[in-house]
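The values are calculated or read from the model by the stated rules, or taken from the named source; none is laboratory data. All values reported here derive from a predicted model rather than from experimental measurement. Here the Cβ positions follow ideal geometry from the backbone for every residue, glycine too, while neighbour counts run over all protein chains shown.
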Amino acid sequence: MAQDHPLAPSWLSSRSSTDDLEQKLFPDDARREASGSLSISGAEVTRLAEQHGTPLYVLSEEDFRRRARSFREAFGEAFAPEAEVDVFYAGKAFLSTHVARWAAQEGLCVDTASGGELAIALAAGVDPVRIGLHGNNKSDAEIRRALDAGIGRIIADSLDELNRIAQLAQDAGTTAPVMLRLTPGVHASTHEYIATAHEDQKFGLSLSGGRESAAWTAVQKALDAPAIDLRGLHCHIGSQIFEPTGFEVAAQKLIAFLAEIREDRGVELAELDLGGGHGIAYTEADSPRDPREIAEALAATVKQSCTEHGLSVPRISIEPGRAIVGPAGVTLYTVGVQKDVGVDTPDGGSTTRRYVAVDGGMSDNARGVLYDADYSAVLASRKVEGEHTLSRIVGKHCESGDIVVRDVYLPTATERGDILAVPATGAYCHSLSSNYNYLTRPAVVAVKDGASQVLIRRETEEDMLGRDTGFAP
Ligand code: LLP
């Protein structure tokens, strides 16, 4: 049995066996095979690493589809019969044409946040009416493209943008379907939410200030502009949220605003989007709720609030990204150099910390550097019984902050050439990936029934040199 290491965080339990996969962190179809190798959807990671190389992003197609369905069903059932629900998969978490099709096949719409994401969703053949376009600084070209393609909704983020959408739609002789992104003064993260009058951030139109507010002005403009079809209101209150409270408070504020609009203009806006941000487990310390629990709490609050204001329940939409694709993805790395480094302990003693360097790092997972995010890992290529050592998994970049997993117990016998699997990397890892130090970005493969399919191929040195105009092939 491993002893608790003096530098281990209190939430990290020491491990005595590599067998104990923390199932909540992995795709549902991840297993430890008799061979000792981890498998995902029947594909052994040792084979995947041989076939595709490492680092490698592996995505379980079934797990993605199941999570997509579970959001659609949970929210659909919770709001029935009063309202229908559209689930927009937030493509910023991870988007490729295959994944956009999986989402569409599971009955989801696709939320895009730039012309590039929109291009992928359109190239995938997603019905344009089922695509939304977000962004706090959309270019005229992006807005024109959205109008030309006939997408289902443009979410306007500012008065400037609303005016430009109106003008561009009028120029194109069309009507733009618009939602207004409002900042309800509710900000949530993991277990906590804070509610304030003002939100000091770049997104949305503030509700603060009553009839003087940016939100109120935008509603008036949108209702008066002949080229704007104002569908409804939108809010997104944050990321990695575990509790329903923040969503409920934001929904109540938006519903009260819908009632004011009806009072003033006699119009009941038809749609209400409550955003994404549903949390997932990155380490054993995280315990997210089932989508059903969030959906039921939220539906009860929305229905009650609408009844109080004498409104019918608007068509509801949500925009989960991380909670659909995050747990479906695992990153595989090959172990290289290991070092035991002497470290002082808080009580004045000293100990060693094991640094395990892998063949990727902050270029394929920037979340540690950007958000101090915690991850977990297992030795995935073989089963080793016996002692475990507190380890820090680091990358190969020229930065001391290049940490993939801050604290994890790995078998003491972990060796060069072993494969490590870091779970919960399906969201915001590939999409935030870079070329730093000219590492080539990893491939993304989907696994299903023991077979693998490349969704995005590995970047090559030729790709990098192809952009360098000083290189003559
Ligand atoms: N809708 C809107 C308007 C958003 O801004 C976002 C995320 C989502 C939906 C999807 O949120 P999700 O369900 O995936 O949490 N890079 C950060 C997360 C940034 C999220 C930005 N907006 C991270 O890696 O944690």
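Some values worked out for this structure:
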item: Hits in region 138-160 (condition: under 22 Å from residue 116 (Cβ atoms), touching a residue at least 24 places away in the same chain (Cβ under 8 Å) and in a helix (DSSP H, G or I)); result: 140, 141, 142, 143, 144, 145, 146, 147, 148, 149
item: Unmet requirement for residue 430, which otherwise passes all of (1) buried (at least 23 other Cβ atoms within 10 Å of the Cβ); (2) in a strand (DSSP E or B); (3) not hydroxyl-bearing (Ser, Thr, Tyr); result: (2)
item: Qualifying residue in region 354-367 (condition: within 17 Å of the chain's Cα centre (by Cα) and surrounded by fewer than 22 Cβ atoms within 10 Å (Cβ to Cβ)); result: yes
item: Filter pass, residue 203 being out of contact with any strand residue (DSSP E or B) (no Cβ under 6 Å at 6 or more places or on another chain) and outside any helix (DSSP H, G or I); result: yes
item: Considering residues of region 231-279 that are assigned to a loop (DSSP other than H, G, I, E, B) and away from the ligand (no atom under 16 Å from the Cβ) only, the residue farthest from residue 180 (Cα to Cα); result: 266
item: Yes/no for residue 457 being surrounded by fewer than 19 Cβ atoms within 10 Å (Cβ to Cβ), among the basic types (Lys, Arg) and either within 16 Å of the ligand (Cβ to nearest atom) or farther than 30 Å from residue 343 by Cβ (or both); result: yes
item: Flag if residue 292 is in the same structural domain as residue 237 (by TED's automatic domain parsing), exposed (fewer than 15 other Cβ atoms within 10 Å of the Cβ) and in contact with a helix residue (DSSP H, G or I) (Cβ under 8 Å, 6 or more places away or on another chain); result: no
item: Among the candidates 76, 91, 53, residue that is on the phi > 0 side of the Ramachandran plot and not hydroxyl-bearing (Ser, Thr, Tyr); result: 53
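The rows are residues; the columns are (1) farther than 20 Å from residue 175 by Cα; (2) among the hydroxyl-bearing types (Ser, Thr, Tyr); (3) touching a residue at least 12 places away in the same chain (Cβ under 8 Å); (4) out of contact with any Gly (no Cβ under 6 Å at 6 or more places or on another chain).
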{"residue": "204", "(1), (2), (3), (4)": "yes, no, yes, yes"}
{"residue": "219", "(1), (2), (3), (4)": "no, no, yes, yes"}
{"residue": "224", "(1), (2), (3), (4)": "no, no, no, yes"}
{"residue": "232", "(1), (2), (3), (4)": "no, no, yes, yes"}
{"residue": "238", "(1), (2), (3), (4)": "yes, no, yes, no"}
